[in-house]
Amino acid sequence: MFYREAGDFKTSYVDDSQTFPIAFDRYRYYFVLVIAFGIIPFIINDYWANAVMVPFLIYAIAAIGLNILTGYCGQVSLGTGGFMAVGGYACYKLMTAFPDVSIMIHLLLAGFITAGVGVLFGLPSLRIKGFYLAVATLAAQFFLVWLFNKVPWFYNYSASGQISAPERFVFGVPVTGPNVEAWAKYTVCLIFVTGCAWLARNLTRGTIGRSWMAIRDMDIAAEIIGVNPLKAKLTAFAVSSFFIGIAGALLFAVYLGAVEVGEAYGINKSFLVLFMIIIGGLGSIFGAFAGAAFMVLLPVLLKNVLVGGLGWDTALATHFEFVIVGALIIIFLIAEPHGLAQLWKLAKEKLRLWPFPH
Amino acid sequence: MTDQFLFGVEVVLNGLMAGVLYALVALGFVLIFKASGIFNYAQGVMALFAALTLVGIMEGQVPFAHLINAIFGTEIHHFGWHVPALAAILLTMVLMVFFAWAVNHFVMRHLVNQEPIILFMATIGLAYFLEGVGDLMWGSEIKKLDVGLPQGASFWIEENTAFLGSENFFGFFIDQLDIVATLVAAVLVVALVAFAQYTKQGRAMRAVADDHQAALSVGISLNFIWVLVWSLAGFVALVAGIMWGAKSGVQFSLSLIALKALPVLMLGGFTSIPGAIVGGLIIGVGEKLFEFTIGPMIGGATENWFAYVLALLFLVFRPQGLFGEKIIERV
């Protein structure tokens, strides 16, 4: 009843091409922002921040990044974990080498460094396609993890081989280190998520996003109509790695505080983020959020029900989680290959006609 | 001959043996890829699942014991009998055939005509599912698999090659299990090729691989062929699972071997059975030699990534692999 474009007249091109053309959508978007920035930071507690909100936000960034590469540009990557490791370690080296510079700048710089590494590993994509590329990105995953494990310079020669984030402040409030409070963690991640989502949305609907999609739909045809595959593919790798690097840096500095590379950035992370974008929906920013929320909430929910509710032991619950995640992925691919984002879209289409569908 | 050179030869020999085991896993991939165009990521987990099931049946474990105990509060773990190895292998094979049927019936049949990448992701989902089911059924602790294969160093080879070097050289150290694995792999490849070339079902399989629609139009049942191919892949997975399981115990890391098989495939080409073997040998020897010569200089454990980087570099020059069919692209 409220979700209508009727009566909502556009009088300029800017109005016509805005992200949320329907007024109700626009208000909903502002409403979500107000809640996220204005209300949640004041009521969030440690459990919700650590178990749900902060991982959700961080993985949402990583999922947006992978979605740009896989969903928009069609280049399947299994190297997400490795690129996240680059972000994390770049952030650590910057934090310890330049302690006076703000952590926010370090996080951004970590993204740029990862973008550089991403371009390097993206170069073979000009020759290699499809599965072959997916396997080639595994080289990035294993090589980078090995590198951070074996070269002591990256972890500042610490005895344990771990890296741990020193304490850093933004406007006098600790955001990394042992004394950081739940709301500060949450807010830092939220700022980055908002920025990244805004950037991704606007990149994907502009020239560059269109060239990515042209490459995805058929690269030879795209080349013939004048899309430069070198530029399109490498920018996709760069932008995607930029986001993934920021996610990796946040995961290390803000969320975990101390990481061991094989554990925090292993191949499982690559698959986790890939599942997020499959379940959420390939080629959709909303899908990245939906998928991240789904994959973060599912284990928490299962754990609460199986371990807390039924009293099973945790190992059993973990195995069960594997079964359910695997089955869900297959079910999604069969029933709705475009993921949660498509369901959301269908719901909105229905809503436009509701309550008089004829 | 210097000892250093002889050690190098030993490394190469061991690399060849490891390569055979990689090739065994890669073979399963090639079979499914050729017949249905599906890149089956779950191959490694199938090997793990087959090995777990084999151990479980031999030990007389109760399937889903943990789950049953958690739900009903019982304390059952074992039936209390032991099944001989051969019977257990047959039973496991029956289960793998059932699994092949289930995959085809519940998953692949619904994904006909989807893009290859969607099918690939479906098999990733399948891998997760199967891994979870395997752990639920048989428990996740590391198990010993003993089906009576000879194990340990072969003293005969060690004694008879010791004369080659000085007194510091004690002869080539080669695991007997590796020799058995090599023989089994050779027999398996010959059998598979013979099956594909000389039997009716094999011909139908090749026809499906060539062109689905043409095969359908001459009356070949796609469903049957796919079940057949997945069963064959299950059989190869079982063999690989037995070999790896006997070598390093049945544990989760077995499924990571599947990942190692990927560069093997890329090197050999996705569509070629000899390619899988040659690729496996190159990767096996390459990574062992690299670890032996360059490894100590850069911190070791290079086996983790060498195969992938080698495949990556190789593909840049020859995108279809060594024996793969030339990739022709049209708009």
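Listed values, structure above:
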quantity: Members of region B:202-241 found to be of a type in the set (Phe, Trp, Tyr) and surrounded by fewer than 19 Cβ atoms within 10 Å (Cβ to Cβ), listed by number; calculated: B:Phe224
quantity: Of all residues in region A:211-261 being part of a helix (DSSP H, G or I) and acidic (Asp, Glu), the one that is farthest from B:Glu115 (Cα to Cα); calculated: A:Glu223
quantity: Qualifying residue in region A:126-136 (condition: within 14 Å of chain B (Cβ to nearest Cβ), over 20 Å from A:Ser284 (Cα atoms) and touching a Lys or Arg at 6+ places or on another chain (Cβ under 7 Å)); calculated: yes
quantity: Any hit, region B:62-73, residues being buried (at least 17 other Cβ atoms within 10 Å of the Cβ), within 25 Å of the chain's Cα centre (by Cα) and touching a residue at least 24 places away in the same chain (Cβ under 8 Å); calculated: no
quantity: Test: residue in region B:107-116 that is touching a strand residue (DSSP E or B) at 6+ places or on another chain (Cβ under 7 Å), not acidic (Asp, Glu) and not in a loop (DSSP other than H, G, I, E, B); calculated: no
quantity: For A:Tyr92: the one exception among (1) under 30 Å from A:Asn228 (Cβ atoms); (2) part of a helix (DSSP H, G or I); (3) in contact (Cβ under 8 Å) with a residue 12 or more places away in the chain; (4) not charged (D, E, K, R); calculated: (1)
quantity: B:Thr199 being at pLDDT 85 or above, among the hydroxyl-bearing types (Ser, Thr, Tyr) and surrounded by fewer than 20 Cβ atoms within 10 Å (Cβ to Cβ); calculated: yes
quantity: Qualifying positions in region B:272-309 - in contact with a Phe, Trp or Tyr (Cβ under 8 Å, 6 or more places away or on another chain), assigned to a loop (DSSP other than H, G, I, E, B) and within 12 Å of chain A (Cβ to nearest Cβ); calculated: B:Ala301, B:Trp305
quantity: A:Ala62 being within 24 Å of B:Glu115 (Cβ to Cβ), free of Cβ contacts under 8 Å to residues at least 24 places away in the same chain and crowded, with 24+ Cβ neighbours inside 10 Å; calculated: no
quantity: Selection within region B:176-196 - farther than 16 Å from B:Ala240 by Cβ and buried (at least 18 other Cβ atoms within 10 Å of the Cβ); calculated: B:Ala196
quantity: Residue that is farthest from B:Leu136 (Cα to Cα) [pool: residues in region B:63-91 that are in a loop (DSSP other than H, G, I, E, B) and at pLDDT 75 or above]; calculated: B:Pro84
quantity: Single unsatisfied condition, A:Ile105 versus (1) more than 13 Å from every other protein chain (Cβ to nearest Cβ); (2) touching a residue at least 12 places away in the same chain (Cβ under 8 Å); (3) under 18 Å from A:Gly248 (Cα atoms); calculated: (2)
quantity: Filter result for A:Phe237 (among the aromatic types (Phe, Trp, Tyr), touching a residue at least 60 places away in the same chain (Cβ under 8 Å) and buried (at least 22 other Cβ atoms within 10 Å of the Cβ)); calculated: yes
quantity: Contacts under 9 angstrom Cβ, first residue in region A:269-283 being more than 12 Å from chain B (Cβ to nearest Cβ) and in contact (Cβ under 8 Å) with a residue 40 or more places away in the chain, partner of a type in the set (Lys, Arg) and in a helix (DSSP H, G or I), 6 or more apart; calculated: A:Gly281/A:Lys345; A:Gly283/A:Arg216
quantity: Among (1) surrounded by fewer than 22 Cβ atoms within 10 Å (Cβ to Cβ); (2) without any contact (Cβ under 8 Å) to a residue 60 or more places away in the chain; (3) within 14 Å of another protein chain (Cβ to nearest Cβ) - the single one A:Gly262 does not satisfy; calculated: (2)
quantity: Residue ID - nearest to the other protein chains (Cβ to nearest Cβ), chosen from residues in region B:310-331 that are touching a Ser or Thr at 6+ places or on another chain (Cβ under 7 Å) and modelled with pLDDT under 75; calculated: B:Gly324
quantity: Single match in A:Gly326, A:Gly311 (criterion: without any contact (Cβ under 8 Å) to a residue 12 or more places away in the chain, within 9 Å of chain B (Cβ to nearest Cβ), surrounded by 18 or more Cβ atoms within 10 Å (Cβ to Cβ) and of a type in the set (Gly, Ala, Ser)); calculated: A:Gly326
quantity: Test for B:Val316: is it part of a helix (DSSP H, G or I), out of contact with any Phe, Trp or Tyr (no Cβ under 9 Å at 6 or more places or on another chain) and within 21 Å of A:Gly79 (Cα to Cα); calculated: yes
quantity: Which numbered condition B:Ala102 fails, given (1) facing another protein chain (nearest Cβ under 10 Å); (2) within 19 Å of B:Leu52 (Cβ to Cβ); calculated: (1)
quantity: Among the residues listed as B:Ala47, B:Ala42, B:Ala85, the single one being closer than 30 Å to A:Leu78 by Cα, more than 12 Å from chain A (Cβ to nearest Cβ) and either touching a residue at least 60 places away in the same chain (Cβ under 8 Å) or out of contact with any Phe, Trp or Tyr (no Cβ under 9 Å at 6 or more places or on another chain) (or both); calculated: B:Ala47
quantity: For B:Leu177: the one exception among (1) of a type in the set (A, V, I, L, M, F, W, C); (2) over 21 Å from B:Ser248 (Cα atoms); (3) modelled with pLDDT under 80; calculated: (2)
quantity: Identity of the residue in region A:206-234, of a type outside the set (A, V, I, L, M, F, W, C) and surrounded by 15 or more Cβ atoms within 10 Å (Cβ to Cβ), that ends up farthest from the chain's Cα centre (by Cα); calculated: A:Glu223
quantity: Extreme residue, nearest to the other protein chains (Cβ to nearest Cβ), among residues of region A:194-231 that are in contact (Cβ under 8 Å) with a residue 60 or more places away in the chain, under 15 Å from A:Ile68 (Cα atoms) and among the β-branched types (Val, Ile, Thr); calculated: A:Ile215
quantity: Wholly within region A:270-358, helices (runs of 4 or more DSSP H) carrying at least 1 residues that are over 30 Å from A:Leu203 (Cα atoms) and modelled with pLDDT of 85 or more; calculated: A:285-302, A:314-335
quantity: Some residue of region A:168-188 being in a helix (DSSP H, G or I), within 14 Å of chain B (Cβ to nearest Cβ) and not β-branched (Val, Ile, Thr); calculated: no
quantity: Residue in region B:136-154 that is aromatic (Phe, Trp, Tyr) and either modelled with pLDDT of 85 or more or buried (at least 20 other Cβ atoms within 10 Å of the Cβ) (or both) present; calculated: yes
quantity: Region B:240-269 residues that are on the phi > 0 side of the Ramachandran plot and more than 14 Å from every other protein chain (Cβ to nearest Cβ), paired with ones that are assigned to a helix (DSSP H, G or I) and modelled with pLDDT of 80 or more (beta carbon under 7 Å, 6 or more apart); calculated: none
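The values are calculated or read from the model by the stated rules, or taken from the named source; none is laboratory data. On a predicted model such as this, the values are computed, not experimentally measured, just so you know. A quick note on method: Cβ atoms are made from the backbone with ideal geometry, for glycine too, and the neighbour counts reach across all protein chains shown.
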